[in-house]
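*Asks:* Got a structure for you, questions after.
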Amino acid sequence: MPTLNRKSGRVFDCEAALLYEVLTDYDAYAEWAPLIGDSRLLAREGDLAIAELELSRPPWRKVAVECIQTPNRQVLVRHLGGDVPLFQMEWNIHSTGPKTCTGELKLEFPASFLLSSSRGLASASSWMEAVANRLGAFLPQFSILGERGQPILELHETPDGLVCWFRGEKYTLQHAESEASA
Amino acid sequence: MIKAVIYVSAPRPAVFSVLTNYPQYRTWLPGCEQSEVIKREGNTTDTEIVIRSMKTMRIGLRFEASQDQLLSFHMISGQDMKAYDGSYRLMDAADGDGTVVVAELEIDAGPMAPRFLVDRFAKKAIDDTGKALGSYLRESARPGVVPAARRPVKTGRPKRLVQLGKVGNEYRLWLSGRIYNLKG
């Protein structure tokens, strides 16, 4: 069975450590990764993690992966078992400055993967785009609106609680229970 | 090589204890009719196991154990198969309650056995072993012993959850990493 590769690369306006953190937060993959409807970290020991990913299309198909991590440099995600055909994702991170880095993704999978209902996982460019959007969660300057867009609402989770910007005004949200007891 | 991940809701030492209690395999391992220790030397144990599957097979297995971490085995005698090798790697589960077992199994049944059938058999063997191990540990759990839950601590990095704005006649929503275009 021939093996196919898909590659993609991109420059990110963030430090290498942030990109690495996003790629190794397996519990959060369901929030941003293409075709992943649910995700959870099963175990982590040193630079090895085991995670389970559940597809959103087709639903309920699960795959267990082993993730071999080299801090701030590489994340290798390998199929361990499950309903999805064999595949492998290799992320390589290169720091190019205090606030910039490059990310390269190489996907490897058997040719038959393209005939499966999970073939959407085999798009390196989709993964790269998804990572860029996910990084927006942590970059203060991130905006999807462009120069002519009008911001309406932003909500942030901070160590001090939830912070909301509504039409340019900042609000700090208080927990409802503490408000009632005040 | 067939691999699988098994979650067992028991602490790692308990799981390792069951996996290395070779004479007791016949009480929980599916198909195991007999399990005998032949020789023990340090962390290495030679056993003879009789498994009833499609037919009754007698296999000599050598186990190498690293306390609470890894148990590997390979076939040292047997006429029904050319090779039967594998390992169980144990890790503490991230939920703080159980153990994650990464199981690997390689079977060589000889040139006459189709590879896909052998792999299917190996996958079933791992799955059945995982279920049986979990059931056995649940039934033999001591009441009142509840392991302390350990939850991973999230970093305090501020995180954007939502960004909503208007571009032309459309609203654009960013939600935790996904972008949605909303038309009025």
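*Asks:* Kindly tabulate the residues in the range A:70-106 with an accessible-area decrease of at least 30 Å² between the chain alone and the assembly of all protein chains, using a probe of 1.4 Å.
*Replies:* A:80
*Asks:* Moving to a separate point now. Answer rounded, prolate or oblate for chain A, using the Cα gyration tensor with square roots of eigenvalues a ≥ b ≥ c: rounded when a/c is under 1.5, else prolate when a/b is larger than b/c, else oblate.
*Replies:* Prolate shape, in that a/c is at least 1.5 and a/b is the bigger ratio.
*Asks:* Still on this structure, I have one more. Can you compute the FRET efficiency between residue A:112 and residue B:139 using 1/(1 + (r/R0)^6), with r the Cβ-Cβ distance and R0 = 35 Å? Round to the nearest 0.05. If you can, show how the numbers build up before the last one.
*Replies:* Details: r = 41 Å, r/R0 = 1.18.
FRET efficiency, residue A:112 to residue B:139: 0.25.
*Asks:* Relative to the longest principal axis of the C-alpha atoms of chain B, give the angle of the C-alpha long axis of helix B:115-139, reported between 0 and 90° and rounded to the nearest 10°.
*Replies:* So the helix axis and the longest Cα principal axis differ by about 80 degrees.
*Asks:* Measure up B:3/B:39; A:7/A:62; A:170/B:159 against 22 Å on the Cα-Cα distance and list the ones that go over.
*Replies:* B:3/B:39; A:7/A:62
*Asks:* Nearest 100 Å² is fine: what is the total accessible surface buried where chains B and A meet, probe 1.4 Å?
*Replies:* The B and A chains share an interface burying roughly 3600 Å².
*Asks:* Also, I was wondering about something else. Taking a probe of 1.4 Å, how large is the accessible area per residue of the protein assembly as shown, in Å²?
*Replies:* 54 Å²
*Asks:* Now a separate question. Using the scaling law 2.2 N^0.38 Å as the reference, what is the normalised Cα Rg of chain B?
*Replies:* That ratio works out to 1.47.
*Asks:* A further question follows. Taking the alpha carbon gyration tensor of the protein assembly as shown, what are the square roots of 5 times its eigenvalues, largest first, to the nearest whole Å?
*Replies:* That gives 47, 25, 17 Å for the three semi-axes.
*Asks:* Return the residues of the range A:124-146 for which accessible area with all protein chains present is lower than in the chain on its own by 40 Å² or more; set the probe to 1.4 Å and exclude ligands, DNA and RNA.
*Replies:* When all protein chains are present, A:133, A:137, A:138, A:144, A:145 each give up 40 Å² or more of accessible surface.
*Asks:* State, as an integer percentage, the relative contact order of the range B:8-149 based on alpha-carbon contacts under 8 Å between residues 6 or more apart.
*Replies:* Contact order relative to length: 22 percent.
*Asks:* Sum up the charges of everything whose Cβ sits under 12 Å from the Cβ of residue B:31, counting Lys and Arg as +1 and Asp and Glu as -1, but leave residue B:31 out.
*Replies:* Net charge in that neighbourhood comes out at +2.
*Asks:* Efficiency by 1/(1 + (r/R0)^6): what FRET value for residue B:21 and residue A:88, r their Cβ-Cβ distance, R0 = 51 Å, to the nearest 0.05?
*Replies:* For R0 = 51 Å, the calculated efficiency reads 0.90.
*Asks:* Once label points are set 7 Å from the Cα along Cα→Cβ at both residue B:85 and residue B:9, what is their separation, rounded to one decimal in nm?
*Replies:* That separation, rounded to one decimal, is 3.7 nm.
*Asks:* Taking the Cβ-Cβ separation of residue A:13 and residue B:41 as r and a Förster radius of 51 Å, what is the calculated FRET efficiency to the nearest 0.05?
*Replies:* 0.30
*Asks:* May I ask you to give the percent of accessible area on chain B that is carbon plus sulfur, with a probe radius of 1.4 Å?
*Replies:* Details: 5390 of 10420 Å².
For chain B, the apolar C and S fraction of the accessible surface comes to 52 percent.
*Asks:* Anything losing 20 Å² or more of accessible area from the isolated chain to the full protein assembly: pick those residues out of the range B:164-181, probe 1.4 Å, ligands and DNA/RNA ignored.
*Replies:* Listed by number, the residues meeting the 20 Å² cut-off are B:164, B:165, B:166, B:167, B:172, B:174, B:176, B:177, B:178, B:179.
*Asks:* Ignoring any ligand, DNA or RNA, what whole percent of the accessible area of the range A:1-51 comes from carbon and sulfur when the probe is 1.4 angstrom? Spell out each step's value before the answer.
*Replies:* Values: 990 of 2220 Å².
The C+S portion of the solvent-accessible surface of the range A:1-51 is 45 percent.
The values are calculated or read from the model by the stated rules, or taken from the named source; none is laboratory data. Since the model is a prediction, treat every value here as computed from it, not as a measurement. Every residue, glycine as well, gets a Cβ built from its backbone with ideal geometry; the counts of neighbours run over all protein chains shown. With ligands, DNA and RNA removed, areas are computed over all heavy atoms of the protein, side chains included. Shrake-Rupley method; radii C 1.70, N 1.55, O 1.52, S 1.80 Å.
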